[in-house]
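Down below is the structure, laid out as structure tokens.
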Amino acid sequence: MSKTLVAYFSASGVTKKLAERLAGAIGADIHDIVPEQIYTNADLDWQNPRSRSSVEMKDKAFRPAVASKVDNMDQYDTIFVGFPIWWYVAPTIINTFLEQYDLTGKTIVPFATSGMSGMGNTNAELRDSCEGVSLKEGKRFNVNARENELKGWAEQYL
């Protein structure tokens, strides 16, 4: 039987709620991608070009450090990776997370939260961090997406 993981990064708690609902809907394990240096409200000010998130997102090679790792990543076949959309893509901490592991042969399914933005160039930005995996087209959800909607979407990858 294949095992499924829902891994998520949530700077403000919005994506966490959706990730927990998804994991519950599909019976998956869950992992919080925690940055070594937690983001403050000032760090997340996308209108300030000198804020931490703005600086990180301008440098596509930047990789924020992750504080924790998934034990026994080998046991998972499908990994749903959740995050807020920043500048029409996944935050670079998602690249950090993916690059920590040998994910060869696994299926990676991005999902995101955003007030208005779609997935944008997310897969193009993640592709180099996903060598040897089946990277599926992601989907943006409203934070209030119901369990049955999430389950219906996720089941195509399970």
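This table checks each residue for (1) in contact with a Phe, Trp or Tyr (Cβ under 8 Å, 6 or more places away or on another chain); (2) among the charged types (D, E, K, R); (3) more than 29 Å from residue 154 (Cβ to Cβ); (4) assigned to a helix (DSSP H, G or I).
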site	(1), (2), (3), (4)
4	yes, no, no, no
19	yes, no, no, yes
25	no, no, no, yes
43	no, yes, yes, no
53	yes, no, no, yes
62	no, no, yes, no
74	no, yes, no, yes
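Entry remark, the stretch 125-152: residues being part of a helix (DSSP H, G or I), closer than 18 Å to residue 84 by Cβ and more than 13 Å from the chain's Cα centre (by Cα) number 1 in total. Residues in the stretch 114-124 include none that are in contact with a helix residue (DSSP H, G or I) (Cβ under 9 Å, 6 or more places away or on another chain) and in contact (Cβ under 8 Å) with a residue 40 or more places away in the chain.
Got at least one residue in the stretch 76-86 being closer than 19 Å to residue 20 by Cα, among the aromatic types (Phe, Trp, Tyr) and out of contact with any Phe, Trp or Tyr (no Cβ under 8 Å at 6 or more places or on another chain)? So far as the stretch 76-86 goes, yes, one or more of its residues are closer than 19 Å to residue 20 by Cα, among the aromatic types (Phe, Trp, Tyr) and out of contact with any Phe, Trp or Tyr (no Cβ under 8 Å at 6 or more places or on another chain).
Residue pairs whose Cβ atoms lie under 6 Å apart, separated by 6 or more positions or on different chains, with the first residue in the stretch 126-150 and at pLDDT below 95 and the second assigned to a loop (DSSP other than H, G, I, E, B), are 138/119.
Considering only residues in the stretch 125-150 that are closer than 21 Å to residue 13 by Cα and basic (Lys, Arg), the one that is surrounded by the most Cβ atoms within 10 Å (Cβ to Cβ) turns out to be 140.
Do you know which of the residues in the stretch 76-88 that are hydroxyl-bearing (Ser, Thr, Tyr) and assigned to a strand (DSSP E or B) is farthest from residue 108 (Cα to Cα)?
By that ranking, first place goes to 76.
The residues of the stretch 13-42 that are without any contact (Cβ under 8 Å) to a residue 24 or more places away in the chain and under 19 Å from residue 95 (Cβ atoms) amount to a single one, 38. For the stretch 96-105, the criterion of being outside any helix (DSSP H, G or I), within 20 Å of residue 15 (Cα to Cα) and touching a helix residue (DSSP H, G or I) at 6+ places or on another chain (Cβ under 6 Å) is met by none of the residues.
Of all residues assigned to the stretch 84-103, at least one qualifies as being closer than 17 Å to residue 157 by Cβ and either surrounded by 12 or more Cβ atoms within 10 Å (Cβ to Cβ) or touching a strand residue (DSSP E or B) at 6+ places or on another chain (Cβ under 8 Å) (or both). Checked against (1) modelled with pLDDT of 95 or more; (2) over 14 Å from residue 8 (Cβ atoms); (3) of a type in the set (A, V, I, L, M); (4) under 15 Å from the mean Cα position of the chain (by Cα), residue 93 meets all criteria but (2).
Here is the figure for the stretch 21-51: residues that are buried (at least 17 other Cβ atoms within 10 Å of the Cβ) and charged (D, E, K, R) total 2.
The values are calculated or read from the model by the stated rules, or taken from the named source; none is laboratory data. Here the structure is a predicted model, which is why all the values come from computation and not from measurement. Note: ideal-geometry Cβ built from the backbone for every residue, glycine included; neighbour counts use all protein chains shown.
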